[in-house]
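The values are calculated or read from the model by the stated rules, or taken from the named source; none is laboratory data. Source: prediction; values computed, not measured. Cβ: placed from backbone, ideal geometry, glycine included. Neighbour counts: every protein chain shown.
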Amino acid sequence: MKFLNLLHKHHYLWLAGVLLLAGCQGSGNKDVKEEQTNVAKSADKEGIRALTINGSIKSPPKNGVVVLEKLVNRKYTPVDSAQLNNGKFVFEVKVSEPEFYRLLMFKKQQIYMLLTDKDLEVVADATVPEIPYTVKGSQDMAYYREANRLVNKLGQQQNALASKYVLAKKSQKAEADELYKQLIELQKKGIAQVKGMIDTIQPSIAALYASNILNPDEEHAYLTELVTKLRKNYPKSRYVKRLAEYLKSIEKWTVGKPAPEISLPSPEGKVIKLSDLKGKLVLIDFWASWCKPCRKENPHVVKVYNEYKDRGFEIFGVSLDRNKKDWVKAIKADGLEWLHVSDLKMWNSEAAQTYNVRAIPKTFLIDKQGNILAKDLRGEALKERIGKELN
């Protein structure tokens, strides 16, 4: 589930994001074997726990096989399999910290599990196409399923409303603006629900999964506090460690922090500083002439600029071009009448390095005091936020 996926905003799914940051590069069974070897080597220090997963399947297929997969290096990888015996199966798993696993049931159903310090019991019914199931034995697992249901529910609501919005927007229907407001309200309610769940289930490691839809830029302080609490219960968890490291890495560019200085030459060779614009609402726009999504977005940015340029709004365009002629040509072709700077070093641009820009278009909205207000605003979201700040 990606919150406001169709509105071109930043969204976060930690199970596919932060949890996946736990792995190094590479994938496959080799990684599983290496990880198991590392666990074995540290058994004396880490306190390995042997856990059992007992399963019972009603009306299983003949010669049915259940596959156990573990989240390793950004993907679920098979680590074991079991032939059913009278509808029963057993897996023995060794863990030294909370781990995410899943069962692949006859290539039809995936049962996601969180293993901590308790054995699990899985009961499923193969007579139903979707293979309904229950997993018992661990409070963390119960919290995990509860969080999973909430995230999925919010995702379904979001996607349904977003689809209506996109169709209305394409058809230029008057209801598009109202649908957009409903999407924003749905997002706010969803975030409140998720925070409520996290506050209820923490310090369970399942709270990390429940933070799926929280934007770490906007919820940096909240997530940092969550990490502090989780560390007390799971001091060795690589998932908690990676989230902590990620939050630390983006702290410099977090909403509410002072915007780092940018001092680069304009097309005419004059050095322009971001700090020279204090007292204005400023949009830092990282783009390039060769970036198709950037060029596609430019007409929307031009429209917003023309509407608010006389009310204390300025755009500070930072190009990741290498060729000056291409840069200047694109400025003229797209009618970008705001401030432009570049050191013509593409991804090695000093400003791009300072702001950790790894993809474009990338925007930062800076308030009149020089602090970061928001990031990655585009389209209607950009127009709405600027209007809110200046009205």
- [ ] Give just the number: which of (1) in contact with a helix residue (DSSP H, G or I) (Cβ under 7 Å, 6 or more places away or on another chain); (2) at pLDDT below 95; (3) over 30 Å from V166 (Cβ atoms) does L377 not satisfy?
- [x] (3)
- [ ] Hey, can you tell me all the residues within the stretch 335-374 that are surrounded by fewer than 17 Cβ atoms within 10 Å (Cβ to Cβ), within 30 Å of A162 (Cβ to Cβ) and of a type in the set (A, V, I, L, M)?
- [x] A359
- [ ] Mind listing whichever residues of the stretch 100-117 are within 29 Å of N63 (Cα to Cα) and of a type outside the set (A, V, I, L, M)?
- [x] F100, Y101, R102, F106, K107, K108, Q109, Q110, Y112
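Return the total of residues in the stretch 284-327 being part of a helix (DSSP H, G or I), closer than 21 Å to V357 by Cβ and touching a residue at least 12 places away in the same chain (Cβ under 8 Å).
12
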Task: the stretch 229-275: number of residues that are at pLDDT 95 or above, outside any loop (DSSP other than H, G, I, E, B) and among the polar types (S, T, N, Q) - done: 2
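Search the stretch 102-117 for residues being assigned to a strand (DSSP E or B) and hydrophobic (A, V, I, L, M, F, W, C), and hand back the single one that is surrounded by the fewest Cβ atoms within 10 Å (Cβ to Cβ). Please lay out each step first, then the result.
First, the residues of the stretch 102-117 that are assigned to a strand (DSSP E or B): 102-105, 109-115.
Next, only the ones that are hydrophobic (A, V, I, L, M, F, W, C) stay: 103-105, 111, 113-115.
On the way: L103: 23, L104: 17, M105: 23, I111: 20, M113: 22, L114: 24, L115: 23.
Of everything passing the filter in the stretch 102-117, L104 is surrounded by the fewest Cβ atoms within 10 Å (Cβ to Cβ).
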Open item on the list: Of all residues being over 22 Å from the mean Cα position of the chain (by Cα) and of a type in the set (S, T, N, Q) in the stretch 138-153, which is surrounded by the fewest Cβ atoms within 10 Å (Cβ to Cβ)? Just the residue, please.
Closed with: Q139
Task: Cβ pairs under 6 Å, 6+ apart, first in the stretch 225-250 and surrounded by 16 or more Cβ atoms within 10 Å (Cβ to Cβ), second hydroxyl-bearing (S, T, Y) - done: V240/Y234; L247/T224
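Do the conditions hold for A124, that is, is it more than 25 Å from Y209 (Cβ to Cβ) and assigned by TED's automatic domain parsing to the domain that holds G55? Steps first, answer last, please.
On the way: more than 25 Å from Y209 (Cβ to Cβ): no; assigned by TED's automatic domain parsing to the domain that holds G55: yes.
No.
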TODO: Could you tell me whether the stretch 167-179 includes any residue that is out of contact with any Gly (no Cβ under 7 Å at 6 or more places or on another chain) and crowded, with 21+ Cβ neighbours inside 10 Å?
DONE: no
